[in-house]
Ligand code: SF4
């Protein structure tokens, strides 16, 4: 376990190698699982703001559910998470021509239609953050749907923390990430 300020970082995040391989997993993390994507407090308002911009990309089932319960709900752990259809697909999913599941919000962001990319928990996945009273724990949520990403990561020798540099900087800032890089290179020296 590494510590930077009030974050505790699992060694898996520097030891394990990972690159999402969408051609094989088809974006399954937006579909599988029994809860929606965790939202930070301010993100609920962001989702409401972006909703009209992405509405036409959403499935009729998603539109119906949003009309009934909104873009988010409180899950069994008490967390505010994105709404999901029949316990599976996030309401913000859409599909590209290759049948790969994509985030409609990220699609709008890449097309320059919004400045909000997607919830930071989605951006950080497969790192999951658990908040405690005095610290946050960052763990690699290892899941069989990401098997192809581990294989590609090993082939390209890219550690998870490097693959997720952008979302880690988004969440914790440049200085925090530089410290993580230092800790990782110290760790690599001792274990390389
Ligand atoms: S996190 Fe896993 S399931 Fe999601 S896109 Fe990456 S490899 Fe695929």
Matching option when the condition is in contact with a strand residue (DSSP E or B) (Cβ under 9 Å, 6 or more places away or on another chain), more than 16 Å from the ligand (Cβ to nearest atom) and in contact (Cβ under 8 Å) with a residue 60 or more places away in the chain, among 46, 15
15
Checking the structure you have, find out if any residue of segment 111-122 is within 16 Å of the ligand (Cβ to nearest atom) and free of Cβ contacts under 8 Å to residues at least 12 places away in the same chain.
no
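Looking only at segment 55-91, which residues are under 30 Å from residue 132 (Cβ atoms) and not in a loop (DSSP other than H, G, I, E, B)?
Taking segment 55-91 first, the residues under 30 Å from residue 132 (Cβ atoms) are 69-84, 87-88, 90-91.
69, 72, 73, 74, 80, 81, 82, 84, 87, 90 - these are the residues of segment 55-91 that are under 30 Å from residue 132 (Cβ atoms) and not in a loop (DSSP other than H, G, I, E, B).
Tell me, which residue of segment 1-10 that is in a loop (DSSP other than H, G, I, E, B) and in contact with a strand residue (DSSP E or B) (Cβ under 7 Å, 6 or more places away or on another chain) is modelled with the lowest pLDDT?
So, considering only residues that are in a loop (DSSP other than H, G, I, E, B) and in contact with a strand residue (DSSP E or B) (Cβ under 7 Å, 6 or more places away or on another chain), the one modelled with the lowest pLDDT is 1.
May I ask you to list the residues in segment 156-179 that are part of a loop (DSSP other than H, G, I, E, B) and closer than 16 Å to residue 21 by Cβ?
We begin by selecting, within segment 156-179, every residue part of a loop (DSSP other than H, G, I, E, B); these are 157-158, 164, 173.
Matches in segment 156-179: 157, 158, 164.
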Determine, yes or no, whether residue 34 is within 16 Å of the ligand (Cβ to nearest atom), on the phi < 0 side of the Ramachandran plot and free of Cβ contacts under 8 Å to residues at least 60 places away in the same chain.
yes
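Can you tell me which of 104, 72 is over 28 Å from residue 160 (Cα atoms), touching a strand residue (DSSP E or B) at 6+ places or on another chain (Cβ under 8 Å) and buried (at least 17 other Cβ atoms within 10 Å of the Cβ)?
Details: 104 fails: over 28 Å from residue 160 (Cα atoms).
Result: 72 is the single residue among 104, 72 that is over 28 Å from residue 160 (Cα atoms), touching a strand residue (DSSP E or B) at 6+ places or on another chain (Cβ under 8 Å) and buried (at least 17 other Cβ atoms within 10 Å of the Cβ).
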Considering residues that are part of a loop (DSSP other than H, G, I, E, B) and closer than 30 Å to residue 183 by Cα, the number found within segment 15-40 is 8
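The values are calculated or read from the model by the stated rules, or taken from the named source; none is laboratory data. On a predicted model such as this, the values are computed, not experimentally measured, just so you know. All Cβ positions, glycine included, derive from the backbone under ideal geometry; neighbour counts span all protein chains shown.
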